[in-house]
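Trainee: The following block contains the structure, expressed as structure tokens.
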Number of protein chains: 2
Amino acid sequence: MAESWSFLDAFEPNFRPLVVIELAKGTKEETLKWFTKRIVDKKANGGAQLLVKPLVTESGDENIYLVGASHLRLLLGAETVGLVKECNDNSMRTFTYSSRKTFKDFADDNHNFLTMAECQYIVKHELENLRAKDEKMIPGYPQAKLYPGKSIVRRLLTSGILVQIFPLHDREELKKLRQSWYGRVKVGYQPLDEIRCYFGETIALYFGFLEYFTFALIPMAVIGIPYYVFAWEDYDKYVMFATFNLLWSTVILEVWKRICAIMTYRWGTLLMKRQFEEPRSGFHGVLGINPVTGREEPVYSSIKRQIRIYLVSLPFVCLCLYFSLYVMMIYFDLEQWALDYHEENESNFSNLMLFVPSIIYAVVIEIMNRIYRYAAEFLTSWENHRLESSYQNHLILKVLVFNFLNCFASLFYIAFVLFDMKLLRQSLATLLITSQILNQFAESLLPYWLQKRHKKRTKKRISSLKTDTDLSLVEQVNLEKEMGTYFGTFDDYLELFLQFGYVSLFSCVYPLAAVFAVLNNITEIYSDALKMCRVYKRPFAEPTANIGVWQLAFETMSVISVVTNCMLIGMSPQVNALFPDSKMDLILTVALVEHLLLAIKFIMAFVIPDKPRDIQIKLARLEFESLEALKQQKWSRELEVLADSSVLLTHQCM
Amino acid sequence: MAESWSFLDAFEPNFRPLVVIELAKGTKEETLKWFTKRIVDKKANGGAQLLVKPLVTESGDENIYLVGASHLRLLLGAETVGLVKECNDNSMRTFTYSSRKTFKDFADDNHNFLTMAECQYIVKHELENLRAKDEKMIPGYPQAKLYPGKSIVRRLLTSGILVQIFPLHDREELKKLRQSWYGRVKVGYQPLDEIRCYFGETIALYFGFLEYFTFALIPMAVIGIPYYVFAWEDYDKYVMFATFNLLWSTVILEVWKRICAIMTYRWGTLLMKRQFEEPRSGFHGVLGINPVTGREEPVYSSIKRQIRIYLVSLPFVCLCLYFSLYVMMIYFDLEQWALDYHEENESNFSNLMLFVPSIIYAVVIEIMNRIYRYAAEFLTSWENHRLESSYQNHLILKVLVFNFLNCFASLFYIAFVLFDMKLLRQSLATLLITSQILNQFAESLLPYWLQKRHKKRTKKRISSLKTDTDLSLVEQVNLEKEMGTYFGTFDDYLELFLQFGYVSLFSCVYPLAAVFAVLNNITEIYSDALKMCRVYKRPFAEPTANIGVWQLAFETMSVISVVTNCMLIGMSPQVNALFPDSKMDLILTVALVEHLLLAIKFIMAFVIPDKPRDIQIKLARLEFESLEALKQQKWSRELEVLADSSVLLTHQCM
């Protein structure tokens, strides 16, 4: 039963499972044979040269496979994916098998040179790069067409034969990580390097950003507290707070780039070369010639995509925005109604009722955001983008615009149409706090509870048939395959983005927002950590060098907040009292200050270098070395040619 | 006398002089011998392997040398500098000697495969990369210290032994170029590709930008004329003009990036790899270890430089700015005086007198700009920047800030402090036209006249001793070495930058500015062409892929012009009449429009791709090919290792 197809199996007695492949139940024998053969086959035959072992389940079905790889294979894979590791001289270099001895902690018998997350990333990369050779279709499934160069795994996924591929947890490592991450109650930094080793760079970078952002908010929160406690309403204090806020938000975003560079340099991803991007798995089209690769692959006309974007998606987004504004107007009606009710029959209950519309609206906003999210995903997927990055960018743009309007439109309306600062403060507080509570609940606690209930049930079922010695692995795989899938850091960043909006857009009206943000983020770190360790399947590590488009989103938000804060300050009665004779002077002054602040912001962003000096020097040194190596290569070739030619010329002359 | 040190001389009967080296008169024989030996010496011995011939002058002095190179040497040099040429399949690739047959127009006997400008660039690169080996000083000059790796040519230049290095003109080619460039009166494009072949990419790109900018101004000029002719003063027409202007200026700057990409792709510089930047020749410091290269070379503490920048240069620039404002105030006194005089004794003469202050001020501005330019160069050089690029950036920043204030401060003062639109229009016109006339005169006509006078004298002198057959070459070298040196495109771009300011900052007040700019630029093209071909020494070609920091400068100017134009429109009586009741509404509307325009500007700049789609595809294809090649290389290495290892493992098992 426990048959294995690995050709190297004899030499690898301690097979270490890295990745789980779950195929659909009842997949044809022929397909199973072909697929596993391709996985273990030699590189020279177009295989992945990995190790495969079927998982023995209680039902006896052979639809779950464990994939591993020999140590040597992993090292070679690390070279293929271009991993960057630390050398003995503390510099970071792209790993190559031939130069393996120069790397720190490398030893032929040290199987921990590559972290488990890196090994899993390598296995995933090798599996995804299993490409069809002369197969016209997947054996056993004539409708699942293949063409030369098509990724087999992607085709298996899209045709439903392959249910999922996911990396296994390492229970011991996970326990250690949990301990140091959120096990003890302690004040201090997160173990980012360990998170990176376990979950990869993308997730570690998110937690790094979350932590950094929380620390960066603390000064704002500290300065904000006395405004609340002493009820400072002097204009000069507000102006000071807002100015500090604006410059601070610029500084923290610039400094983040530097910190991010330091971290990703240490992790090696800052130096990793970009891999050529393959079409995303959902992409479809008629077979044609890709102008870049010259390969036969599905092509989809860019004009058709533009038509879908501008004639369907754009109107749909506008409609949603309109609907969101419509809901907002209903909220204001409700608010008015609650106010009237409160005035008519003043009581404790009616006082409480004043908050109800805001809370309802906050809940509705969250629901709308979530529904819209699905619509946006569907639409963007229907737009049929060829590359995952282009898909992501269009999705993020759609979601950001809607969420921004949905969350902040009512606040803008209250501030700049109703001019009601009291209501603004109240709405802001209600929206911020409600959305934070909802998020924490929906994101972590609910899945955690569901997961726990499910786990109990599964455990009971499994423990009833203790027959195999390997049970704990079977148990683990069965538990993990039922866990939810973590769909990336999108939602987490979005939450932070909206929070940043609440904190910075109207900061001078409600300085306490930063305090709530800090409190939320501290629990957020714990609940997100819980979510990663307990609720979801382990995600594949994904190397990344920065937070990408989110940097731009945060920077845009901080520019918008300069405008809103200047307007708010200009509208405050204290500032108005300074210009009793002429409103014009007031507005001109405010406009001047706003332009100055924006100019200072841009100059600061320009002047602060994105990378610290020592990282710059290290990068320059690497570039210099590679240029020197190239030059040396060219020179030696030149010398050869010149030597040959002078011999030639001498011959000719003789 | 006409002794030659070239070791390949026998095989190169038709020595083609490319570059002229002028050494100081009375340079020691020992130094001459050593230097020429190094130039002709084999690569293997650390030489440049070029050809050298002394120029026989009337005085018999051997202080001028002609440098050439064999065809083969040039091809290898082209590989070293990383030239990109067109292949037979119309793609652009980095030239390598081994793949030479795949390049378009390549034939072993086709000596025109590389343009003369390219050959000269290669020779210059090879000369500059002649590095000291074990020499401790320049032989014969113990005070001219050398250390291993120091560029010999740079040390010779800084110690005054080497007077100059310049490329020779090709009289026939130049004649052809002149003919097609400005020889006949014709309407049409400049022969940019020919200019590029003769003068290199930097200069061709300047002329390309000048031409593009002139064409781009034509729509503005055409729309501007009726405003002048019909004296349109309706606010709606002004608003239309200004709005068109602002969006137009954004579009032209974005489109320029695309056109620039198309041109530089065709020229190959878009793909050229950046070379490692050596310290600039003026850089000095104590010997230390460069942290990037690990080589011994002069180092200069960054803190010392910062101190010089912030404690000396910055205050000096501020002082200059203050002085410039002070001069402006004197101008306004003069203006007032002229007005008073005109009112007292009204006559034709007094009417003319009204223009005198503006003209004097325009002349003073030009003089101040030029004096400041020298001061800025001195200061930036004293700041002791290590890299030429850093030196250039600091210089450009200094000069731009001062020139901006110097040229536009009076206009800002008139517009936003005096609110005198009539005076603004008059000042703008006077400043623009005067500065254009002055520039054309100082830049081209004056040097041309000086050069012509000098040439006549030299010709007379030379023709008095017709002894050598080689005279025409001697004559040419003697003529060219006395010509002025072209110091790069800085002043030309600066002129365009200020012109762009005159046209866009106050465009809605004086729509005719664009007309004058177009007229000026048409003559500018001719006078600049004249300058390049007739007045200056031929400059070395310099590969470049874009106009660099000037793109940013122009974009900043177009952002500032959004602000000024919105303010001007808001101040116009027609717009004021629209809001009779409330100045506040007016200002708020103007501010709103301004922010909208700025937002549209940034979105447009973001949405318009910097490179046309076909260039993007071509670049992606090249990147894909190099990644594939790398992967292939890695794979074949992997296969070897895996094959070896299975043998190994099999052995172990036996």
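Trainee: Listing A:Trp248, B:Trp181 from the residue with the fewest other Cβ atoms within 10 Å to the one with the most, what is the order?
Mentor: So the residues, fewest neighbours to most, are A:Trp248, B:Trp181.
Trainee: Sticking with this one: Fewest to most neighbouring Cβ within 10 Å: what's the order for B:Leu431, A:Leu51, B:Leu494?
Mentor: Going from least to most buried by this count: B:Leu494, B:Leu431, A:Leu51.
Trainee: Is segment A:92-203 rounded, prolate or oblate when judged by the Cα gyration tensor, a ≥ b ≥ c being the square roots of its eigenvalues, rounded requiring a/c under 1.5 and prolate requiring a/b larger than b/c?
Mentor: Because a/c hits 1.5 or more and a/b fails to exceed b/c, segment A:92-203 counts as oblate.
Trainee: Which helices, taking whole DSSP H runs in chain B, have alpha carbons extending 27 angstrom or more along the helix axis plus mean Kyte-Doolittle at least -1.0?
Mentor: B:201-229, B:235-267, B:314-344, B:356-382, B:388-413, B:421-440, B:549-571, B:583-607, B:613-653
Trainee: Treating the beta-carbon of each Lys and Arg as +1 and of each Asp and Glu as -1, no other charges, what is the dipole magnitude of segment A:245-374 about its Cα centre, to the nearest 20 debye?
Mentor: 1340 debye
Trainee: Using the structure shown, select from B:Lys43/B:Lys133; B:Lys101/B:Lys176; B:Lys176/B:Lys456 the pairs with a Cα to Cα distance greater than 20 angstrom.
Mentor: Distance filter (> 20 Å) returns B:Lys101/B:Lys176; B:Lys176/B:Lys456.
Trainee: Between rounded, prolate and oblate, where does segment B:370-460 land on the alpha carbon gyration tensor, with a ≥ b ≥ c its root eigenvalues, rounded for a/c under 1.5, else prolate if a/b exceeds b/c?
Mentor: Taking the square roots of the gyration eigenvalues as a ≥ b ≥ c, segment B:370-460 is oblate.
Trainee: Still on this structure, please answer the following. Which FRET efficiency, nearest 0.05, do A:Glu482 and A:Asn348 yield, Cβ-Cβ r, R0 45 Å?
Mentor: 0.40
Trainee: Mind checking which of B:Pro543, B:Ser98, B:Gly26 is farthest towards the positive end of the protein assembly as shown's charge dipole, using Cβ charges of +1 (Lys, Arg) and -1 (Asp, Glu) about the Cα centre?
Mentor: Checked the options; the winner is B:Ser98.
Trainee: Rule-of-thumb check for chain A: C-alpha Rg over 2.2 N^0.38 Å?
Mentor: In units of the globular-protein estimate, chain A measures up at 1.14.
Trainee: So the label point sits 7 Å from Cα along the Cα-to-Cβ vector; using that for A:Val312, what distances do you get to the other copies, in nanometres, sorted shortest first?
Mentor: Counterpart label points of A:Val312 in the remaining copies fall at 6.7 nm.
Trainee: What FRET efficiency, computed as 1/(1 + (r/R0)^6) with R0 = 22 Å and r the Cβ-Cβ distance, is obtained for B:Ser381 and B:Ile330, rounded to the nearest 0.05?
Mentor: 0.10
Trainee: Within the set A:Lys631/B:Lys537; A:Lys618/B:Lys124; B:Lys273/B:Lys618, which residue pairs have Cα atoms separated by over 22 Å?
Mentor: A:Lys631/B:Lys537; A:Lys618/B:Lys124
Trainee: Using the beta-carbon distance between A:Phe412 and B:Ser582 and R0 = 22 Å, what value does 1/(1 + (r/R0)^6) give for FRET efficiency, to the nearest 0.05?
Mentor: That pair, A:Phe412 with B:Ser582, gives E of 0.50.
Trainee: If you don't mind, another one. Which loop-located GluC sites (Glu not before Pro) does segment B:311-395 contain, where loop means any DSSP state but H, G, I, E or B and the Cβ has at most 12 other Cβ atoms within 10 Å?
Mentor: B:Glu346
Trainee: B:Leu352 label points, 7 Å along Cα→Cβ, one per copy: pairwise distances from this copy to the rest in nm, shortest first?
Mentor: Those label-point separations list as 9.2 nm.
Trainee: Still on this structure, I have one more. Measuring from label point to label point, each 7 Å out along Cα→Cβ, what is the A:Val563 to B:Ser91 span in nm?
Mentor: With each label placed 7 Å out from Cα toward Cβ, I get 4.5 nm.
Trainee: Here's a follow-up. Please get the size of the charge dipole for the protein assembly as shown, origin at its Cα centre, with Cβ charges of +1 on Lys and Arg and -1 on Asp and Glu, quoted in debye to the nearest 20.
Mentor: The calculated dipole for the protein assembly as shown is roughly 3340 debye.
Trainee: If you don't mind, another one. Please get the size of the charge dipole for chain B, origin at its Cα centre, with Cβ charges of +1 on Lys and Arg and -1 on Asp and Glu, quoted in debye to the nearest 20.
Mentor: Taking the Cα centre of chain B as origin, the dipole is about 1840 debye.
Trainee: Give the order of B:Ile371, A:Ile309 when sorted by the count of other beta carbons within 10 angstrom, beginning with the fewest.
Mentor: Fewest-to-most ranking of B:Ile371, A:Ile309: B:Ile371, A:Ile309.
Trainee: May I pose another question? Per residue of the protein assembly as shown, what 222 nm ellipticity follows from adding -39500 (n - 2.57) for every DSSP H run with n ≥ 4, rounded to the nearest 500?
Mentor: -20500 deg cm²/dmol
Read the figures in this text as sums done on the coordinates, not as results from a lab. Since the structure is predicted, the reported quantities are computational estimates derived from the model, not experimental observations. Because the Cβ atoms are built from the backbone with ideal geometry, glycine has one as well, and the counts that use them run over all protein chains shown.
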